[in-house]
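Step one of this worksheet: look at the structure below.
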Amino acid sequence: MNSKEITTQISQAANSLNLRKWDYGASFSNDYSVQVDKGEAKQLKASQKQILTIRVWNQSNLVGITTTSDISESGIKKALKQANIASDFGNKNESTEFSPLAKEPIKDKEVKKRSPVGIKKLLTLLREAEVKLIESHVSIKSVPYNGLSETFFERVYANSDGAFRSYSKSQAALYLYARAEEKDQKPRSSGSVKLGYGADDIDIESCIKEASNKTISHLNYSPIKTDKYLICFSPESFLTIINAFSSMFNARSIIDGVSLSNKNSIGEKLSTEALNIYDDGLHEKNISSTPFDGEGTPTKRLCLINRGRIENFIHSESTARIFNTTPTGHAGLGSKVSVSPDWIVVEKSEENFDLKTSLDHSTHEGEFVYIEELNAIHAGVRASQGSFSLPFDGWLYKNGKKISIESATVAGDIKYLLKNIVNIESSQEVTTSGISPHIWVDELSITGDA
Amino acid sequence: MLSSQIKSNEIVFGCCNKDLLEEIIYYGIGLGADFVEIFIENTDNSSVLAEEDFITSVSPSFGRGAGIRIFKDKKDGFVSTNDLSKNGLMRSVSQAIEMLDITDVKKREEFNGLNKLRDYSLSKKKWINEVPSIHEISEKLLLSTNSLKKNNKIIARKGSYSRNLQEVIIASSDGTYACDIRLHQTVGLNVIANDAQYRSSGSRRFGSSGRPNEFRLWDHEKAANDVFESSMNMLYADYVDAGQMPVVLANKFGGVIFHEACGHLLETTQIERGTTPFENKLNEKIAHESVTAIDEGISEGSFGSLSVDDEGMEPEKSVLIKDGILKKFISDRAGELRTGHKRTGSGRRQNYSFAAASRMRNTYIAKGDYSKEDLINSISDGLYCKSMGGGSVGATGQFNFAVEEGYLIKNGKLNSPVKGATLIGEAKEVMPKISMCGNDLELAPGFCGSISGSVNVTVGQPHIKVDSITVGGR
């Protein structure tokens, strides 16, 4: 069945069950992936998946939901029946409606879709990448974590009010994680991830180079003394921390009482006036961009922090209604509709304000810690409390020299971190989760072994 | 003719699928596969969320699918599909054969048909009717969130329940033919407490396998008291000072550190990758002599227990470390093929869309001779980690775990609560420092995410003392 046929099928089945109000989201995907081990194919995978999520409103306007991978006629009917039963337990405290924007026209955007290159080519490309990475340095002994994949998918949203949206696209991903070993030294590991619309779009050479350079740069390591340091966050690590605390901008989290913000936080000063943060799911560099969210609301660029102050929250249909505003295109279809950011863009405003613009990660000669990558986010972040304690990969810069930090954590509080931003470099870098420049923060605690 | 003997061109749960499965396997072997494995799954799940005094989410789901794995030499090709028709399954076999580039069909492996069905599901078919209804679950969850309403400092209360019923059929070209029904239920409680600038949270999770009545027996009052007390104890806690110090890790979920930092390094997938420091250490001392560690899938009702693993093998009790000596690795079919370590009934996967891999089940450090007080009394300056949060292990074995509820130890006594602590180390270095094990072994349920998806496990240990570890703080 194609997406139009599924919509018709659901409509007919709903009619036969006397269900007047419904919507659904569906995704259909074909995935291909390969892994290698020292030149040999290790595991080759292909999968065909279909997921259908149906919501049904009962006569009391309470919502029930069911998710299934069975999109046969009987599967759809069963899903509608189950959703109808579940609607008896719908949330009486907070109503859910169709998004008022579910039928708004979506600005046409070029959809970049590639054809599959096939498993054999994926395997050849990955084998070659593995060899090149191992040959790039004598200490790199293996690439224990590697993979090259292609995904082709279609996503659909439709409702009983006549809304119907769909799009299809392709995406490919390459990850190379190398392991280096030297005599009497601990093994060191680092890697790189690159995305593209198809395998042929991925910059494999830069992935190899980045994985190699990062791994080698950690060979000369040393423990770090526990203390407070001037920190330079790489674009990737700063985006990681902003995403981890995105509940500050999330209306759902605010309503649920798990955010540091509240309904009146719009306008609250969080940081230097030089800081702007946007959520921009449609950004041209965002390979994972989606034109609409789980409720069919069009995706758009939204300013979250303007000149250091909270400007907007991200919303679903129901949270927008509670906040007396419009949905922002950040909803995930569920029994309880989730809200999450798409793609964060961090910018320096046009003026420098109070920034110490002399701080530049490539030229600064004083002591500082460069945080390349933050790890264990799920364990080390307490979003509702604002605190974090996270292991990281990085270097200590001291007396003009750079040495990899053996094992350490950085700890602090997100509001303290934002308030203590002392520089935002001018040049932005594109990562897999957004765009950001290097960000400098004063006086964060580092725990090391020394 | 019995309905169970009716032949079908599609997999039908509850019916005899032997002929169809054999045909698919013959087809794969005929195309040159060394080994063909078929894993078929039918699921019926539901989850309920209570927030404050309302049910805010009820989410049923159901689905079915098949995962087909073909081995040729030491390579494997895996294809998953929602199409359980004969044509769909054969197409998946062809796709896996094509991926592996198998062209030599002269040297064929033998397939002598499937063995007699090992049916582990017989006594379990009634479970679906015995589990609590959504109505029953909702009522009890609301009672539990109500029990968390103990003072005005509690600003958020949540109770969540999920039930997963999974029916599986496993067939492979070595004759393996088994079916099973698995039931997992889990319930969690979370609170956030707030007073002026102070904020804390508390959470606990409970879970079982194969016990339809378990949720009804769950003592929600006791659980709510525990979570409430934890959040209150931590509300005004100071941040811990960082440094090297001895620590006592509590029993139950304290075992997450052994699971993450050491257990994963004893899975054969880590040997295959060359990422475990224990690869060549079999029968060598890798831990303090007080440490004996076990991984098993047989404790009745435990969250990681199985009647049969996802490759059709009954789980065994594996003594991984005996008195500090490494005795065994956790192995699956691919692990045995590629590393030579015998299978342990540990081939596990989240669902049909993942190939099975060597995964832990119920993993714990065995009990020792000491009381909890003995361990604490032996420390003049250190940290007691009463409740652990999550953690992670890096590619080179370094681990990092958050302490959810911690207390300073001063002169052999528990002192003030502290927050913000993380434990940082490396299994190879920490295992020899576990010098005392308590006599109060207890298990706790959890979810473990790894190469073959998220699987149900239990972690566990008695109270243990680590002589020295890096504690991250501020």
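The values are calculated or read from the model by the stated rules, or taken from the named source; none is laboratory data. This one's a predicted model, so the numbers in the text were calculated from it and none came from an experiment. Here Cβ is always computed from backbone atoms with ideal geometry, including for glycine, and neighbour counts include all displayed protein chains.
Only one residue in B:S80, B:S85, B:S94 is farther than 30 Å from B:N146 by Cα, buried (at least 22 other Cβ atoms within 10 Å of the Cβ) and among the hydroxyl-bearing types (S, T, Y), so which one is that? I'd like the intermediate steps shown before the answer.
Values: B:S85 fails: buried (at least 22 other Cβ atoms within 10 Å of the Cβ); B:S94 fails: buried (at least 22 other Cβ atoms within 10 Å of the Cβ).
Answer to the check: B:S80.
Output the number of residues of the range A:125-177 satisfying the condition of being of a type in the set (K, R) and under 26 Å from A:A211 (Cβ atoms).
Qualifying residue count, the range A:125-177: 3.
So which residues in the range B:67-91 are β-branched (V, I, T) and more than 7 Å from chain A (Cβ to nearest Cβ), if there are any at all? Before you say what the answer is, go through the steps one by one.
Quick first cut of the range B:67-91, residues β-branched (V, I, T) only: B:68, B:70, B:79, B:81.
The answer is B:I68, B:I70.
Can you confirm whether the range A:133-149 contains a residue that is under 26 Å from B:I451 (Cα atoms) and in a helix (DSSP H, G or I)?
So far as the range A:133-149 goes, yes, one or more of its residues are under 26 Å from B:I451 (Cα atoms) and in a helix (DSSP H, G or I).
Need a quick list: strands (runs of 3 or more DSSP E) entirely within the range B:370-424 having at least 2 residues that are more than 8 Å from chain A (Cβ to nearest Cβ) and under 22 Å from the mean Cα position of the chain (by Cα).
Those strands (runs of 3 or more DSSP E) span B:381-393, B:398-410.
Residue-wise test of (1) part of a loop (DSSP other than H, G, I, E, B); (2) facing chain B (nearest Cβ under 9 Å).
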site	(1), (2)
A:I65	no, yes
A:K92	yes, yes
A:S95	yes, no
A:K112	yes, no
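Looking at the range A:1-46, which of the residues that are of a type in the set (V, I, T), away from every other protein chain (no Cβ under 14 Å) and buried (at least 19 other Cβ atoms within 10 Å of the Cβ) is nearest to A:A86 (Cα to Cα)? Full working, then the answer.
As a first pass, look at the range A:1-46 and keep what is of a type in the set (V, I, T): A:6-8, A:10, A:34, A:36.
Going one step further and asking which of them are away from every other protein chain (no Cβ under 14 Å), we end up with A:7-8, A:10.
Among the residues that remain, those that are also buried (at least 19 other Cβ atoms within 10 Å of the Cβ) are: A:7, A:10.
Numbers: A:T7: 21, A:I10: 17 Å.
Going through the qualifying residues, I end up with A:I10.
I need the helices (runs of 4 or more DSSP H) fully contained in the range A:163-280, keeping only those with at least 3 residues that are hydroxyl-bearing (S, T, Y). If you could, list the steps in order and put the result at the bottom.
On the way: elements: A:204-217, A:235-244, A:251-256.
So the answer is A:204-217.
Going by what's in this entry, would A:K49 be described as surrounded by fewer than 23 Cβ atoms within 10 Å (Cβ to Cβ), at the interface with chain B (Cβ under 8 Å from one of its Cβ atoms) and not in a loop (DSSP other than H, G, I, E, B)?
Yes: the conditions hold for A:K49.
Out of the residues in the range B:324-343 that are surrounded by fewer than 19 Cβ atoms within 10 Å (Cβ to Cβ) and small (G, A, S), which is farthest from B:D309 (Cα to Cα)?
So, considering only residues that are surrounded by fewer than 19 Cβ atoms within 10 Å (Cβ to Cβ) and small (G, A, S), the one farthest from B:D309 (Cα to Cα) is B:G324.
Check whether at least one residue in the range A:388-405 is part of a strand (DSSP E or B), of a type in the set (V, I, T) and under 20 Å from B:E404 (Cα atoms), and report yes or no. Write out each step before concluding.
Of the range A:388-405, the ones part of a strand (DSSP E or B) are A:388-398, A:401-405.
Subsequent filtering for residues that are of a type in the set (V, I, T) retains A:403, A:405.
If we keep only those that are under 20 Å from B:E404 (Cα atoms) as well, we get none.
No, because not a single residue in the range A:388-405 is part of a strand (DSSP E or B), of a type in the set (V, I, T) and under 20 Å from B:E404 (Cα atoms).
Across the range A:55-86, what is the total count of residues that are over 14 Å from A:A26 (Cβ atoms), within 31 Å of the chain's Cα centre (by Cα) and not hydrophobic (A, V, I, L, M, F, W, C)?
1
List the number of the failed condition for A:E372; all other conditions in (1) assigned to a loop (DSSP other than H, G, I, E, B); (2) under 29 Å from A:S190 (Cα atoms) hold.
(1)
Restricting attention to the range B:439-464, report how many residues are within 16 Å of B:I294 (Cα to Cα) and part of a strand (DSSP E or B).
Counting residues in the range B:439-464 that are within 16 Å of B:I294 (Cα to Cα) and part of a strand (DSSP E or B) gives 10.
Mind listing whichever residues of the range B:49-66 are within 10 Å of B:Y352 (Cα to Cα) and more than 7 Å from every other protein chain (Cβ to nearest Cβ)?
Within the range B:49-66, just B:A66 meets the criteria.
Please determine, by comparing only the residues of the range B:97-112 that are acidic (D, E) and within 11 Å of chain A (Cβ to nearest Cβ), which one is surrounded by the most Cβ atoms within 10 Å (Cβ to Cβ).
By that ranking, first place goes to B:E98.
Pull up the range B:143-158, narrow it to residues that are buried (at least 19 other Cβ atoms within 10 Å of the Cβ) and outside any strand (DSSP E or B), then point me to the one that is farthest from the other protein chains (Cβ to nearest Cβ).
Only one residue fits best here, namely B:S147.
B:M431 - would you say it is more than 10 Å from every other protein chain (Cβ to nearest Cβ), aliphatic (A, V, I, L, M), over 26 Å from B:S208 (Cβ atoms) and under 22 Å from the mean Cα position of the chain (by Cα)?
yes
A:N352 - would you say it is modelled with pLDDT under 95, over 30 Å from B:V48 (Cα atoms) and not in a strand (DSSP E or B)?
Working: modelled with pLDDT under 95: yes; over 30 Å from B:V48 (Cα atoms): yes; not in a strand (DSSP E or B): yes.
Considered against the rule, which asks whether it is modelled with pLDDT under 95, over 30 Å from B:V48 (Cα atoms) and not in a strand (DSSP E or B), A:N352 comes out as yes.
Return yes when A:N91 is in contact with a Lys or Arg (Cβ under 9 Å, 6 or more places away or on another chain), touching a residue at least 24 places away in the same chain (Cβ under 8 Å) and under 30 Å from A:D256 (Cα atoms) and no when it is not.
In short, yes.
I'd like the residue in the range B:1-40 that is small (G, A, S) and surrounded by fewer than 18 Cβ atoms within 10 Å (Cβ to Cβ) and, out of all such residues, is modelled with the lowest pLDDT.
Going through the qualifying residues, I end up with B:S3.
Take B:V240 and tell me if it is within 14 Å of another protein chain (Cβ to nearest Cβ), buried (at least 22 other Cβ atoms within 10 Å of the Cβ) and hydrophobic (A, V, I, L, M, F, W, C). First the steps, then the outcome.
Numbers: within 14 Å of another protein chain (Cβ to nearest Cβ): yes; buried (at least 22 other Cβ atoms within 10 Å of the Cβ): yes; hydrophobic (A, V, I, L, M, F, W, C): yes.
For B:V240, the condition - within 14 Å of another protein chain (Cβ to nearest Cβ), buried (at least 22 other Cβ atoms within 10 Å of the Cβ) and hydrophobic (A, V, I, L, M, F, W, C) - is met.
For the range B:27-48, check the following and say yes or no: at least one residue is of a type in the set (A, V, I, L, M, F, W, C), touching a residue at least 24 places away in the same chain (Cβ under 8 Å) and within 12 Å of chain A (Cβ to nearest Cβ).
Yes - at least one qualifying residue is present in the range B:27-48.
Does B:D467 fit the bill of being more than 11 Å from chain A (Cβ to nearest Cβ) and either assigned to a strand (DSSP E or B) or hydrophobic (A, V, I, L, M, F, W, C) (or both)?
For B:D467, the condition - more than 11 Å from chain A (Cβ to nearest Cβ) and either assigned to a strand (DSSP E or B) or hydrophobic (A, V, I, L, M, F, W, C) (or both) - is met.
Identify all residues within the range A:203-230 that are in contact (Cβ under 8 Å) with a residue 60 or more places away in the chain, more than 14 Å from chain B (Cβ to nearest Cβ) and either under 18 Å from A:W395 (Cα atoms) or buried (at least 18 other Cβ atoms within 10 Å of the Cβ) (or both); write none if there are none.
A:I204, A:C207, A:I208, A:S212, A:I216, A:S217, A:N220, A:S222, A:L230
Can you go through A:G412, A:G400 and tell me which one is facing chain B (nearest Cβ under 10 Å), modelled with pLDDT under 95 and either surrounded by fewer than 23 Cβ atoms within 10 Å (Cβ to Cβ) or out of contact with any helix residue (DSSP H, G or I) (no Cβ under 9 Å at 6 or more places or on another chain) (or both)?
Being facing chain B (nearest Cβ under 10 Å), modelled with pLDDT under 95 and either surrounded by fewer than 23 Cβ atoms within 10 Å (Cβ to Cβ) or out of contact with any helix residue (DSSP H, G or I) (no Cβ under 9 Å at 6 or more places or on another chain) (or both) holds for just one of A:G412, A:G400, which is A:G412.
Just one of the numbered conditions (1) touching a Gly at 6+ places or on another chain (Cβ under 7 Å); (2) surrounded by fewer than 17 Cβ atoms within 10 Å (Cβ to Cβ); (3) not basic (K, R) is not true of A:T68; which one?
It fails just one condition, (2).
Run A:T363 past the list (1) surrounded by fewer than 21 Cβ atoms within 10 Å (Cβ to Cβ); (2) within 14 Å of chain B (Cβ to nearest Cβ) and report the number of the one that doesn't hold.
(2)
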